[in-house]
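Okay, structure first, notes after.
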Amino acid sequence: MPKNSKVTQREQSHEHVTESVADLLAHEEPLDYKSSSLNVGGAAGKKVPQIEVPENDGRPAWNSKLQYILAQVGFSVGLGNVWRFPYLCQKNGGGAYLVPYFILLLIIGIPLFFLELAVGQKIRRGSIGVWNYVCPRLGGIGMSSLMVCGFVGLYYNVIIGWSIFYFFQSFQYPLPWSDCPIRKNGTLAIVEPECDKSSATTYFWYRQTLNTTSTIAESGGLNIKMTLSLLVAWIIVCLAVIKGIASSGKVMYFSSLFPYVVLFCFLVRGLMLKGSVDGIAHMFTPKLEKMLEPQVWREAATQVFFALGLGFGGVIAFSSYNKIDNNCHFDAVLVSVINFLTSILATLVVFAVLGFKANIMNEKCVVENAEKILGYLNSNVLSHDLIPPHVNFSHLTTSDYAEMYGVIKTVKEDSFPLLGLEPCALEDELNKAVQGTGLAFIAFTEAMTHFPASPFWSVMFFFMLINLGLGSMIGTMTGITTPVLDAYKVQKELFTVCCCIIAFLCGLLFVQRSGNYFVTMFDDYSAGLPLTVVVILENLSVAWIYGTKRFMQDLEDMLGFRPYIIYFYLWKYVSPFCLIVLISATVIEMAISPPGYNAWVQELAQERFQSYPPWALAMCFALIAVAMLPLPVVFIARHFNLMSDGSNKLSVSYHKSMMKDISNLEEQDEARFILGGKPGEAPSSGPARKPFLTPGGNKPMDSLSPNICYDSPLTTPVAQLYP
């Protein structure tokens with residue numbers, strides 16, 4: 001027994017022990033159950049003193065709950081909500097797509113998001129420390145997560161750089177992408193052929209912004225404009241994260257909220273435009289037969305997976321700065337719902353604007369084809385009898401043209417293809433699905449050229465994209481820096497600046513003239529499969545290796561209430577099954593789809609699919625291999641004791657918290673040891689504390705141990721400290 005304990009001191013002073021348990025505990029201050037990290041044990045229903053978790057253990061903390069929620073929202077709500085979700089919704093059945101998406105959000109998204117928040121908050125470490133702590137042999141999970149964060153951050157900031165370039169280009173009227181440039185050839189002035197064959201916005205994107213080459217093999221050298229834009233992007237990110245959550249938390253107040261202001265402004269403005277209702281109606285008209293296609297469910301699962309930022313480490317890193325008793329279950333549901341509603345809001349905005357654009361393009365089509373028909377009438381290729389009497393060419397409506405088109409097609413059935421007339425159907429225009437950069441930098445920019453005060457709306461739109469990207473980049477960088485700063489004593493500011501400088505230099509790959517093709521490559525291969533593998537290993541390590549019952553008990557001790565029993569089955573059975581199916585579908589999709597990219601062919605002024613050359617193909621698979629390499633390497637190294645289990649890297653703050661917990665446990669067990677079950681009863685020869693039992697009641701439950709995979713807990717059970 002410790003020499004300085006109260007019991008020893010009392011024995012040495014030969015005082016007569018007469019106080020009861022109630023007398024002793026009356027001098028102790030009551031402890032709040034929710035502030036406990038572990039339950040000491042004892043009979044069910046009895047109130048026992050709980051372990052008080054130190055509020056200030058040296059680890060940085062969020063200034064407020066709002067700041068933390070905005071950080072998680074800013075990380076999860078990104079560019080994909082604006083340019084990926086609307087595309088998937090249109091492609092996969094409109095409103096019907098929302099059904100599989102919402103179902104998968106409930107059975108995969110929220111449970112796994114809750115799991116990451118809980119382990120980060122409980123262990124108070126970054127991704128590497130958390131998985132070293134839960135299961136050292138699977139410590140490669142955190143390292144793979146960090147690798148994926150690095151790959152994604154490299155090309156994601158390039159997209160922010162593109163948005164910065166468009167943002168500064170928007171401060172002029174007319175917008176530089178509103179008209180095709182004129183080329184002077186002596187006394188003749190002709191429209192740039194590449195622009196004439198495509199469109200003004202397409203030409204501005206591929207030629208004046210990216211100045212792209214026709215193949216990935218042609219480097220073309222650095223694009224100076226894009227290099228400077230990338231530099232500005234990394235300077236902004238560096239300033240935002242240089243002080244850790246102390247600086248990024250303040251940035252999140254603006255970067256997380258401003259996009260919602262812009263989206264609501266665009267929605268109100270979009271609904272006032274002609275044709276916006278057509279776009280929204282087209283979007284949400286359900287095609288129920290699509291729900292039976294496996295591809296729809298696979299893409300919905302993938303979108304849920306990436307929308308919440310699972311596996312990146314940013315969620316765990318942000319959560320690790322929380323108080324131990326924070327209600328992370330509420331946070332998981334709240335952030336997931338906000339993410340889903342943001343996707344719906346962005347879809348409304350996108351299709352309101354695209355509906356307006358479709359009406360303009362449809363009217364333009366009607367005018368161009370009406371001129372062709374007039375030419376055929378004047379040259380007697382077509383008879384005037386084919387034109388309905390009520391049709392007025394000076395005020396031709398889309399319905400009049402559709403009627404006239406139908407009559408001509410029926411009468412001139414044999415020679416109709418030679419006339420070159422187009423149907424000009426609004427539905428066809430709305431069905432032109434676009435996503436990613438094609439939506440943001442081509443389709444949406446073209447629509448904004450027709451807005452009144454178009455420069456203002458363009459500035460707002462690209463400033464919104466910058467903030468959406470910045471929120472996600474802050475989370476990505478936190479997922480990189482937090483695990484390293486937890487494990488090694490390095491200066492935070494210096495390490496952050498070095499990371500940003502190295503990332504900028506590596507990012508020069510993406511600002512060559514062929515850089516756009518490398519962005520596509522990294523987007524397709526660096527994150528998809530490796531991240532899915534990371535998340536399923538996270539799920540299995542907690543649910544099957546550590547134990548779902550034990551994890552549920554830890555959550556009850558941490559939160560003060562037991563999570564719904566449905567989480568037990570979701571974590572243990574449903575989520576792993578769904579993730580295994582998703583991995584299988586992803587591998588099959590990669591096997592049957594030829595690896596390639598859409599190259600911009602200058603001579604044809606259009607995109608054409610091209611297969612990757614052998615060296616690029618090797619690079620694709622190298623990205624997957626490098627991202628997943630830490631998983632087997634760490635497992636083998638720790639299995640054969642070639643690498644430490646990482647417990648020696650526990651932060652000083654964690655050691656202080658753990659030692660205080662053990663000290664408190666000693667004092668409480670001493671009181672139970674000497675006082676016995678009843679006042680005046682002689683103490684028993686063994687400790688009074690009972691070990692936790694699993695919900696089944698048949699197996700003692702260990703506390704969360706950094707060596708749980710080795711069956712050798714880091715901390716000695718308190719009951720073994722006494723004879």
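Data overview
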{"read-out": "Among 529, 475, 441 the positive-end extreme of the charge dipole of region 432-547 (Cβ point charges)", "value": "441"}
{"read-out": "Order of 376, 517, 133 under a 10 Å beta carbon neighbour criterion, fewest first", "value": "376, 517, 133"}
{"read-out": "Potential lengthening between residue 66 and residue 190 on full extension [0.36 nm per residue; Cα-Cα distance subtracted]", "value": "39.0 nm"}
{"read-out": "Sequence-distant residues sharing a close amide H with residue 606 (under 5 Å, placed H)", "value": "601"}
{"read-out": "Virtual spin-label span in nm between residue 232 and residue 260, 7 Å along Cα→Cβ", "value": "2.8 nm"}
{"read-out": "Given charges at Cβ of Lys, Arg, Asp, Glu: region 507-589 dipole, positive-most of 559, 510, 580", "value": "559"}
{"read-out": "Relative contact order %, region 360-430, counting alpha carbon pairs below 8 Å whose residues are six or more apart", "value": "44 percent"}
{"read-out": "Ordering of 377-386, 220-229 by burial proxy (mean other Cβ atoms within 10 Å per residue, highest first)", "value": "220-229, 377-386"}
{"read-out": "Relative packing of 443-456, 119-132, which averages over residues the other C-beta atoms within 10 Å, highest first", "value": "119-132, 443-456"}
{"read-out": "Packing rank of 529-542, 272-285, where each peptide gets the mean count of other beta carbons within 10 Å, highest leading", "value": "529-542, 272-285"}
{"read-out": "Anisotropy class of region 210-361 from Cα gyration tensor, a/c 1.5 cut", "value": "oblate"}
{"read-out": "Region 370-481: C-alpha pair distances exceeding 17 Å, %", "value": "70 percent"}
{"read-out": "Extension gain from residue 622 to residue 106, taking 0.36 nm per residue of separation minus the Cα-Cα distance", "value": "182.4 nm"}
{"read-out": "Calculated diffusion of region 360-430, Stokes-Einstein form, Kirkwood radius summed over Cα pairs, 25 °C and 0.890 mPa s, µm²/s", "value": "198 µm²/s"}
{"read-out": "Prolate/oblate/rounded call for region 501-562, Cα gyration tensor, a/c under 1.5 rounded", "value": "prolate"}
{"read-out": "Coil-residue trypsin sites (Lys or Arg not before Pro) of region 479-526, DSSP, other Cβ within 10 Å capped at 12", "value": "489"}
{"read-out": "Span from the region 174-204 Cα centroid across to the region 59-107 one, whole angstrom", "value": "39 Å"}
{"read-out": "Lys/Arg +1, Asp/Glu -1 at C-beta; region 360-430 dipole; positive extreme among 379, 367, 423", "value": "379"}
{"read-out": "Percent of Cα pairs exceeding the 18 Å cut-off, where the set is region 298-391", "value": "70 percent"}
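We did not get these values from a lab; they are worked out from the coordinates using the rules stated. All figures in this text were calculated on a predicted structure; none of them were measured in a lab. Please note: Cβ atoms are built from the backbone with ideal geometry, for glycine as well, and neighbour counts cover all protein chains shown.
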